[in-house]
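The values are calculated or read from the model by the stated rules, or taken from the named source; none is laboratory data. This one's a predicted model, so the numbers in the text were calculated from it and none came from an experiment. Cβ: placed from backbone, ideal geometry, glycine included. Neighbour counts: every protein chain shown.
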Amino acid sequence: MPDASELNKYNKYFAIQCFNDTWGILDKAEKSEEDIEMALHLSHVSFWHWLKVEDHTDENVSIGYWMLSRVYAVAKKGKTALYYGNKCLDISLKSDLPPFSKAYAYEALARAYSIKGDEEAKKEALDNANKYAAEVKEEEDRNMLLGDLKTI
């Protein structure tokens, strides 16, 4: 049995690896049903491993919830995407995470509302995402965020 330090390293490794593998699927132009199912599994495994990392942060948890919301939006499961988007927003606001994290929480909600067909809630979430995006100091991060918002 690995000691606590080794176990922590393994959890961090698998959290990152599964997150990156999820992105590999999300970045595909064409996704099969099997791809989407695998992305759902990978995103949950990544999140679980992050929760096991001893020094995980609220930002790690926020990102995990965001990824879950994003994958469920891609899977066209609006109710679950909204559930995880709200969890992402909740921890982002309670922990007073940086504007980048708050903007992406609202981005997740906008995607979920878009899948659900709630245009009014989608617009409100996009407005909030853009408000926080304007506060992001790093130009590269802000441009990435604004680019993602345009895809909704």
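For residues that are crowded, with 24+ Cβ neighbours inside 10 Å and in contact (Cβ under 8 Å) with a residue 40 or more places away in the chain, scanning just region 86-107, find the one that is farthest from the chain's Cα centre (by Cα). Per the stated criteria, the residue is 103. One residue stands out in region 18-39 among those that are assigned to a helix (DSSP H, G or I), of a type outside the set (D, E, K, R) and free of Cβ contacts under 8 Å to residues at least 12 places away in the same chain: the one that is surrounded by the most Cβ atoms within 10 Å (Cβ to Cβ), namely 23. Of all the numbered requirements in (1) surrounded by 16 or more Cβ atoms within 10 Å (Cβ to Cβ); (2) not assigned by TED's automatic domain parsing to the domain that holds residue 146, residue 48 misses one, and that requirement is (1). Among the residues that make up region 100-111, is at least one of them more than 18 Å from residue 61 (Cβ to Cβ), in a helix (DSSP H, G or I) and of a type in the set (A, V, I, L, M, F, W, C)? Scanning region 100-111 turns up at least one residue that is more than 18 Å from residue 61 (Cβ to Cβ), in a helix (DSSP H, G or I) and of a type in the set (A, V, I, L, M, F, W, C).
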